[in-house]
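The values are calculated or read from the model by the stated rules, or taken from the named source; none is laboratory data. Just so we're clear, the structure is a prediction, and the values are computed from it rather than from any experiment. FYI the Cβ positions are ideal-geometry reconstructions off the backbone, even for glycines, and counts take in every protein chain you see. SASA here: full protein model, heavy atoms, side chains in, ligands and nucleic acids out. Shrake-Rupley method; radii C 1.70, N 1.55, O 1.52, S 1.80 Å.
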Amino acid sequence: MRTLLLTSMAALALAACGDTKTDTTKEQAAIAKVAAPAGKSWSQTVVKTPDGGVLMGNPDAPIKLVEYGSLTCSHCADFSNESHEELSRDFVDTGRVSFEMRNYVRDGIDATAAAVIHCAPIERYFPLMENTFAAQAEIFANAQANPQGFEAAMQLPPNQRFPALAKATKLDQFFQARGMTADQISTCLGNIANIEALEKGVNAANEQYNIPGTPAFLINGQLAEGIGTWPVLRDRLKTLGAR
């Protein structure tokens, strides 16, 4: 294991929290809407992917959007807060765009929260991600209020470290208030395989795409340069035909 299970998780922060330089692309023809399955919207169609992510929408959408995002990245929080309603309503629900989130964990708080979210029922994944991004300032404040508890947790063996981090930062209370039980959280975080899976995803992303910063986006399998905010991404999706 190369990063997450070390005492210090600083090695994980290979990507900065920020943007990359802008590029351009030619406008393409508008794509027709694709009807969702009967009785369901595309944004309610959620599945896990082989790459460790969670995909919302039409799995055969002509525009496949992937985000590598960190729960402790302020730019990622801004993107989530600004985009989630419009992205779901105007792009995913049309069947033109699928949206896959892949957690790019960078530190102990990030890994702890992401692991719990992945342990929740699949239909709760995106709501819990959005809730966590929206409460980022509160989560940071809780962690900063208990530095001794955080540091003590980081010294524990891996199977004890992440449950202790959840308690030290009050993430256990945060997720209990959103439907997870104390036993579910403790069991999830005590299973190191859940942390290993997140670590594997980060290492694979770095090896395949050399992620330059978070949030980072793939569009149809290609790393998209110059996209770090929702207005820029929204315009790019429209240019690609999602209009």
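Below are the figures for this structure:
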item: From 57, 69, 53, residue being modelled with pLDDT of 95 or more and touching a Pro at 6+ places or on another chain (Cβ under 7 Å); result: 69
item: Residue in region 171-185 that is open to solvent by 50 Å² or more (accessible area, probe 1.4 Å), part of a helix (DSSP H, G or I), of a type in the set (D, E, K, R) and modelled with pLDDT of 95 or more present; result: yes
item: Filtered residue count, region 81-131, keeping only those that are of a type in the set (Phe, Trp, Tyr), within 24 Å of residue 171 (Cα to Cα) and either assigned to a helix (DSSP H, G or I) or open to solvent by 10 Å² or more (accessible area, probe 1.4 Å) (or both); result: 2
item: Subset of region 187-198 that is under 13 Å from residue 112 (Cβ atoms) and in a helix (DSSP H, G or I) - its residue that is nearest to the chain's Cα centre (by Cα); result: 198
item: Selection count where residues are under 13 Å from the mean Cα position of the chain (by Cα) and either of a type in the set (Phe, Trp, Tyr) or farther than 22 Å from residue 151 by Cβ (or both), scope region 74-114; result: 15
